[in-house]
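Right, one structure below, let's go through it.
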Amino acid sequence: MNLFQSEEHVRNWSQYDPESADGTMPLADYVTLFSTALFRERLQPDYLLRLPQFLPEWMATLVRLGKTAPFWQFGSG
């Protein structure tokens with residue numbers, strides 16, 4: 001993850017790929033997304049078994065943040 005001062009700085013970055021523009025969002029939105037059980041529970045011994053129950057919260061959070069493009073879907077690349 002790279003942190004930038006603004007979207008303009010992201011677009012001016014030498015390694016910027018316009019196809020990954022959907023992945024650009026404010027840090028507060030990343031904090032919200034990474035606060036879901038999908039990330040909070042990853043050190044639990046039964047994490048992989050419980051993974052399917054974490055996905056609805058992950059998807060609902062993405063929708064709430066307006067991130068519904070294929071970039072954010074599991075298995076999209």
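Where a number appears in this text, it was derived from the coordinates with a stated rule and is not lab data. None of the values given here were measured: they were computed from a predicted structure. Don't worry about glycine lacking a Cβ; one is built from the backbone with ideal geometry, like all the others, and counts go over all protein chains shown.
Data table
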quantity: Rounded tilt (10° steps) of 47-64 against the dominant C-alpha axis of the chain; calculated: 40 degrees
quantity: For the chain, with +1 on Lys and Arg beta carbons and -1 on Asp and Glu, the positive-most of THR68, TYR47, VAL31 along the dipole; calculated: TYR47
quantity: The chain: Cα Rg divided by the 2.2 N^0.38 Å rule of thumb; calculated: 1.24
quantity: Test item: Cα-centred dipole of the chain, Lys/Arg +1 and Asp/Glu -1 on Cβ, debye; calculated: 240 debye
quantity: Debye intensity ratio in log₁₀ form over the Cα atoms of the range 26-67, taken at each q of 0.22, 0.26, 0.31 Å⁻¹; calculated: -0.68, -0.86, -1.04
quantity: Residue-averaged 222 nm ellipticity for the chain, from DSSP H runs of 4+ at -39500 (n - 2.57), nearest 500; calculated: -13000 deg cm²/dmol
quantity: Taking the chain and dividing mean pair separation by its residue count, relative contact order in percent (alpha carbons under 8 Å, at least six apart); calculated: 30 percent
